[in-house]
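The values are calculated or read from the model by the stated rules, or taken from the named source; none is laboratory data. The shown structure was predicted, so the numbers you read here are calculated from the model rather than taken from an experiment. We place every Cβ from the backbone using ideal geometry, glycine too, and count neighbours over all the protein chains shown.
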Amino acid sequence: MNRKDCSGLRRFDGEDLDYGDRLYKQQYQQKLWIEQQIKEKQDKKQQEADEAARWAEFNRNIHQQRTEIEKDFNDRQLAMENACKEANLQIIREKLAKDKAQKEFETMQGLSDINYITTNKFMTEDPATMQSSLAPHRVIPYHFKGFNEEQRAQVIDGQKQQILEKQERLRQEKDKERNEARMSEAQRRALIIYERETKMRNDRANEENREYIKTQMKEQNVKNTDPYNVAGNDYLLPL
């Protein structure tokens with residue numbers, strides 16, 4: 001016990017004079033802890049919001065890439081189908097034009113032959129062409145249609161040659177049709193192979209995307225359950 005004057009006391013033994021300061025410090029420390037916890041909670045919420053935003057952006061990019069791949073595949077497939085259709089139509093148009101021209105040629109040739117047979121004086125055996133200039137009662141023998149053996153052989157040989165030419169023309173047309181059919185079949189098979197390869201590439205890309213998404217989801221779950229990486233996962237440790 002300290003004495004100041006004869007009857008005055010300033011401090012008693014065992015008295016806690018720092019109680020107020022210590023209480024203030026404790027309250028201030030508690031306030032700082034509360035503010036720190038609030039800030040950590042807000043930071044955690046902001047981190048989770050950022051993670052969710054990045055996850056949504058990642059999914060949007062994956063969806064956009066898949067949409068672009070599917071659109072490119074559909075565009076290429078449609079372009080190839082249109083090209084095949086146009087090629088087939090062009091072949092059909094050329095064949096129809098050729099058949100039409102051949103038919104018109106044969107028709108004109110037939111009309112020309114009919115006109116020759118019906119109007120030619122030799123074919124109609126016009127008597128005026130058979131009269132000899134030497135005497136009215138004499139005729140020109142070579143103006144008759146009757147052929148000798150040599151002429152008859154020439155006609156037969158010409159007919160045989162025409163038959164051979166027609167057979168050769170038919171064979172060439174069949175070969176052309178066969179080649180066109182082979183080309184169309186080759187284009188069809190090439191289209192099927194292209195579609196299969198494109199589907200395989202798309203399947204591989206989709207599988208890789210699924211595996212990557214699974215890994216991201218696993219990391220996201222670990223981050224949500226262990227945000228401070230207490231377990232010490234290697235793939236969550238900063239580089």
Given (1) over 49 Å from the mean Cα position of the chain (by Cα); (2) modelled with pLDDT under 90, Gln65 misses just (1)
Which residue out of Lys71, Lys100, Lys95 is closer than 30 Å to Ala205 by Cα, among the basic types (Lys, Arg) and in a helix (DSSP H, G or I)? Lys71
Looking only at the stretch 76-92, filter to residues that are surrounded by 11 or more Cβ atoms within 10 Å (Cβ to Cβ) and over 11 Å from the mean Cα position of the chain (by Cα); which one of those is farthest from Arg196 (Cα to Cα)? Ile92
